1. Sort 231-242, 216-227 for me by packing, meaning the mean count of neighbouring Cβ atoms within 10 Å per residue, highest on top.
2. Arrange the peptides 98-110, 181-193, 137-149 so that the one whose residues have, on average, the most other Cβ atoms within 10 Å appears first.
3. Residues with amide H under 5 Å of Val237's amide H, sequence separation 5 or more or different chain, H placed in the peptide plane at 1.01 Å from N; which?
4. Dipole size in debye (nearest 20) for the range 63-158 around its Cα centre, Lys and Arg Cβ +1, Asp and Glu Cβ -1?
5. Whole-Hz Karplus ³J(HN,Hα) for the range 254-260, in order, using 6.51 cos²θ - 1.76 cosθ + 1.60 and θ = phi - 60°, x for Gly and Pro?
6. Quick one: putting +1 on the C-beta of Lys and Arg, -1 on the C-beta of Asp and Glu, what dipole do you get for the range 166-220 around its Cα centre, in Debye to the nearest 20?
7. Hey, can you rank 80-88, 207-215 by average C-beta count inside 10 Å, highest first?
8. Compute the relative contact order of the range 131-223 as a whole-number percentage, counting only Cα pairs closer than 8 Å that sit 6 or more residues apart in sequence.
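The values are calculated or read from the model by the stated rules, or taken from the named source; none is laboratory data. The structure presented is a predicted model; accordingly, all values stated were derived computationally and were not measured. For neighbour counting, all protein chains shown are included, and Cβ atoms are generated from backbone atoms with ideal geometry for every residue, glycine included. Keep in mind that these areas ignore ligands, DNA and RNA; they rest on the heavy atoms of the full protein, side chains included. Shrake-Rupley method; radii C 1.70, N 1.55, O 1.52, S 1.80 Å.
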Amino acid sequence: MFNRFQHSLAIIFSLMAMGASAADIDMEKLQQEIPAAKDESISVICERCNSDFKISEHKILLDGLSSRKYVRQMQIALYMQDIVHQTASKAHFDNCDFSGAIAYIAQLKAELDEHAEAATILLMAKKPLLVNLELNLAFLSLGQALHGIQDFYAHTNYVEINIDDASALSDFKVVKTWGNQAEENVKKWQEAGLTSGYVSWGTPKKCTAPYETHGEMAKDSKETDRGKKAISKFGNVTHFEVAQRLAKDASRQFILDVFAEWPILNAVSQGTIKLDVLVDGRATVLR
């Protein structure tokens, strides 16, 4: 019971850090409504991480912390972006706010770095409760960043503008929207016609007319008009399926980069992460 309370408290603090007030959060309802990873979830196995991290006097402490609860925190954060930040264009690559989205992902990565570093230092100081809090916050930032990284493929016309030049599905490449070259990477595609859907409730709005709406362009699921549209040259694979594959690959690359930089995150997640991709739950209201 005590561990469950500690974890719930950490999630509450994490959600408050995202911008929600304590009065907005019904923890029992939240834990029930945030779905666990589905069958189409992916496993991310960190092959480039430091496998020697646990070989130290801190091994017992790390073993005690190793749990799926941190991955669960990441999953919750990924879903919560559509509730806490549903009107922020930068959180979803909406309204052509590409510079804002890139800066936001960089901000979240910096916050992740801060908490991962703190957790590492506190681990050395043998402060397990504080390590737990910092790890929860690190995985919170990871989930938030992943949401935006995945939305790049679901909320923009990146898939559409690559169809003509692609001769195979493998020609659709991941665009790194994180790291030092992120702005340059996205600007290249903007010059090639990259745009994103107009969201009436989102700010800021940077698309120039004429533009497609979010409803017209979104590929978050196989049920949307664009998502279910087949691409005949690739055996009628749908736009959603291409966007989903890209979102999976981008998520995998980002997590591997993060785990390689912060072995403690790999250690407590036991080297494997499962997550859902292309989440858009902005019709849901937190009560």
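1. Ranked by mean Cβ neighbours within 10 Å, highest first: 216-227, 231-242.
2. The most tightly packed comes first, giving 137-149, 98-110, 181-193.
3. Ile231
4. So the dipole magnitude of the range 63-158 works out to roughly 360 debye.
5. Each residue's phi maps through the Karplus curve to give 5, 5, 4, 4, 5, 5, 5 Hz.
6. Here the range 166-220 has a charge dipole of around 120 debye.
7. Packing order, densest peptide first, comes out as 80-88, 207-215.
8. Computed value for the range 131-223: 32 percent relative contact order.
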